[in-house]
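Shown next, in structure tokens, is the structure this report addresses.
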Amino acid sequence: MCVLHGAVVLITELCERNPETLERFRKTVPDLVQIMKGLVISGYSPEHDVAGISDPFLQVRILRLLRILGRNNETASDAMNDLLAQVATNTDSTKTVGNAVLYETVLTVLDIKSESGLRVLAVNILGRFLLNNDRNIRYIAMISLQKIVGTDHNAVQRHRGTIVDCLKDQDASVKRRALDLSLALVSASNIRSMMKELLIFLSSCPPELRSQAASGIFNAAERYAPSQRWHIDTILHVLTTAGGDVRDETVPNLIQLITNASELHCYTVHKLYRALLTDISQPSLVQVACWCIGEYGDLLLRGECQDTEPVQVTEDDVLDALETVLQSHMSSPATRGFALTATMKLSTRITDNVDRIRSIVSIYGSCIDVELQQRAVEYNALFKKYDHMRYAEAFSKSGELFLLFQLSPHVGTFPQVCDLLDLLGGAEETPQLSPAVSGLAPGLPINTLSTAGGDLLDLLGGLEPAPAAPAPTVPAYEKDGVTLTLSCEKTSDSGLTVTLTASNSTDSDISSFTLQAAVPKSVQLHMKAPSGDALPARGAAKVTQMVILNNPNKDTVQIDSFP
């Protein structure tokens, strides 16, 4: 026995150190198989019996040599398949020495070109190892499963429940291996159930594993998310639980995800607002929440959301939440930057607290943090130089309308006249066109129109105007008491004169009222001086302005809104 053991060890060393000897020693595979069968079935040497296993040391050495000889060789692998199946089924797994032989058998099966059924048997043995009370055995089982999960994914999936249970193990090393293996088992078919287990683990896992768990959950959610809402909910759950342990790219990635899910903006801003009120200690969560409130704060103030319980949020409530973030000792300079920017954005979405926002921003103009100070100074400059463009004050103190002339995509067809919107207002509701305009169908050929409106709306179309037709007036914008009408008159084949007339039917005067316009590069624009910059209340007077357009290419042009 000693001579045989020594010979096997020597052959193993020769094969590992000099691959050229492999072909010569592969001829010994049948002999090694017969020796191994004798040890397993009848017992080769009773004096070397250990706990009922006949010479386990020699068995391990022979199995290791067979693994080297059978690697990447189909003939040698076929010769040892039956033996390996016999060892796997006849070895006692209740003893430590038996587990040693079984583990070596599993490694051999997984390393050679074995049959699929034999590989499943090997994976099942590792699955039984996971139930062993010995943590060392569980640990080496998970290491082996981790190596083969890519090639034998379905076989390993059968033991998913046992692997997930190992996440509850008290040993940190076992937890880490179980986490690696659990993340590797996530697929499109089990994403919901696996993610539920992983999130439970995340809430109680050791601090040193939180970053790894959060990163793995993010990757799995990105690959297999069944819906955008589920994806957002999952990431928000992670940020709420381990927001301080996530990677830096998590915040921009989540912001992009929220931006692309336009139908979930209302749901997301409500959920993030509640999370912000509950806990501001998680920096990544607070940053995303501040950004979302700044972008979609108007949806939050409406208090209506089909996907969540209705909640009444006032402008003061939102500003209080952002001020809490700005003043908290837990907020980093980066987090304060998000909150300050969100506060500034809200100045275009609210109406009653602009002065409070101006006060908040001005405080940080002397902040010790240079970047935060720079932001505050720039925002203060916006208040001073461009305050007349603010939506919150659009038609109470001052206002601006922006008109966009652009090339129509429907060349040769009847173009559209669309609404005119406040430049920075971000209005949610599109003003309704007057019947004179909205009744005309887009895409209708110009020659099918019998009314003079056809001449008006064929802006720079290059078509001959109807003779003797007066320049009609069409309401183009009507909201918050401000009405804008336009009339068009062709002056030549490529020239057009547009007269804009604005009036104010509210009870308050509007000051610093301006009209702006933009055109494509191929069109020339000249705006003459307006008749005034104030709209008196109750329509006492009107402001008119003439716009001259020259379209040398005679492209079809339409009037559109600038968002």
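The values are calculated or read from the model by the stated rules, or taken from the named source; none is laboratory data. These numbers come from a predicted model, not from an experiment. Heads up, the Cβs are rebuilt from the backbone with ideal geometry, glycines too, and the neighbour counts pull from every protein chain shown. Just the protein is used for accessible areas: all its heavy atoms, side chains included, with ligands, DNA and RNA removed. Shrake-Rupley method; radii C 1.70, N 1.55, O 1.52, S 1.80 Å.
Between LYS95 and ARG223, what FRET efficiency follows from the Cβ-Cβ distance if R0 is 45 Å, with the result rounded to 0.05? After rounding, the FRET efficiency stands at 0.60.
For region 262-395, the share of accessible area belonging to carbon and sulfur comes to 51 percent (1.4 Å probe, ligands and nucleic acids excluded).
Scattering from region 474-550 was approximated by placing one identical point on each alpha carbon and applying the Debye formula without solvent; log10 I(q)/I(0) at 0.15, 0.16, 0.21, 0.27 1/Å stands at -0.55, -0.61, -0.92, -1.27. A crude spin-label estimate for the pair GLN34 and THR151, with each label 7 Å from Cα along the Cβ direction, gives 3.0 nm. Remark: accessible surface ordering of HIS329, HIS526 (largest first) is HIS329, HIS526, probe radius 1.4 Å.
For CYS2, the solvent-accessible surface computed with a 1.4 Å probe is close to 110 Å², ligands and nucleic acids excluded.
In terms of accessible area, using a 1.4 Å probe and ignoring ligands and nucleic acids, HIS153, HIS270, HIS231 rank largest first as HIS153, HIS231, HIS270. With all protein chains present, how much of the accessible area of region 474-550 (probe radius 1.4 Å) comes from carbon and sulfur, to the nearest whole percent? The C+S portion of the solvent-accessible surface of region 474-550 is 47 percent.
Averaged per residue, region 262-395 has 46 square angstrom of accessible surface, using a 1.4 angstrom probe with ligands and nucleic acids left out. Between ASP248 and SER487, residue separation times 0.36 nm minus the direct Cα-Cα distance comes to 80.6 nm.
Accessible area per residue was computed with a 1.4 Å probe on protein heavy atoms; GLU197 scores about 70 Å². Under 29 Å of direct C-alpha separation, and excluding same-chain neighbours fewer than eight residues apart, LYS528 reaches these lysines: LYS384, LYS385, LYS397, LYS479, LYS490, LYS542, LYS554. Surface analysis of region 474-550 yields an accessible area of 48 Å² per residue, using protein heavy atoms and a 1.4 Å probe. With each label modelled as a point 7 angstrom along the Cα→C-beta vector, the GLU74-THR499 pair spans 9.1 nm.
For ASN18 and GLN170, what does the FRET efficiency come to when R0 = 35 Å and r is the distance between their Cβ atoms, rounded to the nearest 0.05? Here the calculated transfer efficiency is 0.15.
Taking 29 Å as the straight-line reach from the Cα of LYS37, the lysines in range (excluding those fewer than 8 positions away in the same chain) are LYS27, LYS95, LYS113, LYS147.
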